[in-house]
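Notes for the one structure printed next.
No lab work stands behind these numbers, since they all come straight from the coordinates. Remember, it's a predicted structure, so these values are computed and weren't measured experimentally. Glycine gets a Cβ as well: all are built from the backbone with ideal geometry, and neighbour counts include every protein chain shown.
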Amino acid sequence: MSQNISLKDKFYGCIAGVYVGAAMGAPVKGLSHQEIEAKYGVLDRLLSYERNNSGWVREKGTTEDGVERHKLMATAIIEKQDRVNAEDIRAIWVRDIRAEAAGTIAEPFETTLLGVAKSGIPARDLGKYCDYAGLSTASGSCQPIGLINAGDVRNAVADAFEIGQLYQASKSYAVRWAGVSAAAIASATKPGATVDSVIGDIFRYCDYSDLAAKIDGTKYGYLRDNVIQELDSGLKRTVHCQDFRELREAFDKIYYGCGVPYCNSFANEALTKALCILRLVKGNVHDAILAGVNMGRDTDSVASIAGGLAGALSGSATLPEELIQQVDQATALNPYTNQQLTIRQQADGLYQAFHARLQKINTFTETMLATS
């Protein structure tokens with residue numbers, strides 16, 4: 001990657017990649033790649049769409065539920081101007097989630113979680129009341145957690161574990177995959193980061209056997225089980241793929257679940273695909289989104305994760321500005337969204353929060369060094 005990409009543009013590229021990826025992938029969510037190709041050839045544009053016969057025909061560029069979770073995390077960070085915990089985000093849930101969003105731009109189970117959140121139980125217990133322990137609910141939306149921890153991969157993983165428990169039980173594998181997602185974003189923002197360095201940091205910091213011991217004093221060796229192993233297997237399986245068509249055919253052999261709720265939307269599948277896409281496209285944001293959209297299955301999650309990773313690594317230069325503008329327009333027209341900041345406003349707010357965090361660290365360091 002170029003050494004000349006500013007950190008500010010990495011923040012902007014990440015948010016833009018997430019939003020545009022989600023918006024482009026949403027209309028074909030749940031379709032197989034064969035169905036997408038038969039209908040669109042290569043889908044490379046934003047479309048209007050309707051979900052679940054709701055009667056709401058969404059403006060082209062409208063994002064999905066994952067971006068709504070992302071927005072809640074970003075709002076908490078921007079207001080606190082620092083790293084956040086589960087209680088910080090729960091407070092934003094209770095204040096900002098719109099009741100009418102249920103069944104439109106939020107999943108039904110999130111209404112249950114919101115009701116429990118209002119009861120006052122500890123925020124880190126909320127995920128125990130979600131019936132879907134393996135979903136990409138947290139891992140597909142925790143890019144702001146990676147950004148506020150830009151360059152600080154270890155703390156990005158720790159914060160993802162904390163925040164992931166809003167959506168899933170503490171030792172579910174979905175929480176561990178949220179750690180992978182946040183680690184990748186934090187790593188990608190480093191100066192001179194490359195695809196290989198991002199993957200290397202994931203392998204270094206997402207060995208959860210030691211992390212589990214630090215969390216509760218008990219060594220859960222099984223926590224190392226298949227996170228790193230599954231990523232390694234996916235990367236090896238796709239190492240010779242030349243384009244997204246070859247990539248999706250390689251994945252057809254291992255990800256084909258069906259017949260249960262959210263069968264397309266598991267965290268391990270979305271993250272493994274997104275990281276293999278990142279390597280395939282060498283960090284190009286637009287190409288990452290197109291690959292995710294045309295992959296089939298959980299297209300909005302894979303495209304937004306891959307697009308966000310590519311943007312954090314290489315900035316916004318490869319993403320057409322007209323796509324960003326259309327997503328901003330759709331956000332302004334969305335009657336159910338949790339907040340209507342533009343992509344630029346969101347990115348700038350997170351960037352300012354990161355600098356506020358750095359200032360606190362610098363002030364603390366100077367104070368302590370003065371007394372040493």
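Can you bin the stretch 299-362 into rounded, prolate or oblate? Criterion: square roots of the alpha carbon gyration tensor eigenvalues sorted a ≥ b ≥ c, rounded for a/c under 1.5, prolate for a/b above b/c, oblate for the rest. It is oblate, given that a/c is not under 1.5 and a/b is not larger than b/c. Going by a ≥ b ≥ c, the root eigenvalues of the Cα gyration tensor, does the stretch 113-174 fall in the rounded group (a/c under 1.5), the prolate group (a/b larger than b/c) or the oblate group? Cα axes put the stretch 113-174 in the prolate bin.
With bins 20 Å wide beginning at 0, the percent of Cα pairs of the chain falling in each bin runs 32, 61, 7, 0. In a fully extended conformation the segment linking SER54 and TYR40 would gain 2.7 nm over its present Cα-Cα distance, using 0.36 nm per residue. Between GLU321 and ILE121, the FRET efficiency estimated from the beta carbon spacing at R0 = 45 angstrom works out to 0.50. Placing a pseudo-label 7 Å from each Cα along the Cα-to-Cβ vector at LYS253 and SER372 gives an inter-label distance of 5.3 nm. Taking a point 7 Å from the Cα of ASP196 along the Cα-to-Cβ direction, the residues of the stretch 233-259 with backbone N closer than 17 Å to it are 235-236, 239-240. First check a/c for the stretch 1-112, with a ≥ b ≥ c the square roots of the eigenvalues of its C-alpha gyration tensor; if it is under 1.5, answer rounded, and if not, answer prolate when a/b is larger than b/c or oblate otherwise. Judged from the Cα gyration tensor, the stretch 1-112 comes out oblate (a/c at least 1.5, b/c at or above a/b).
Cross-link pairs exceeding 29 Å in C-alpha to C-alpha distance, out of LYS71/LYS253; LYS8/LYS273; LYS80/LYS190; LYS10/LYS39, comprise LYS71/LYS253; LYS10/LYS39. By the rule of a C-alpha distance below 16 Å, with chain neighbours fewer than 8 residues away ignored, the lysines paired with LYS118 are LYS128.
Summing +1 for each Lys or Arg and -1 for each Asp or Glu among the other residues whose beta-carbon sits under 12 angstrom from that of THR104 gives -4. Residue separation of LYS282 and ARG154 scaled by 0.36 nm, minus their Cα-Cα distance, works out to 43.7 nm of gained length. A simple spin-label model places pseudo-atoms 7 Å from Cα toward Cβ; at LEU47 and LEU333 they are separated by 1.7 nm.
Between ARG204 and SER170, the modelled label-to-label distance comes to 2.8 nm, taking each label 7 Å out from Cα in the direction of the beta carbon.
Summing +1 for each Lys or Arg and -1 for each Asp or Glu among the other residues whose beta-carbon sits under 12 angstrom from that of GLY151 gives +2. Net charge of the neighbourhood of ALA182, taken over other residues with C-beta under 12 Å away and scored Lys/Arg +1, Asp/Glu -1, is -1.
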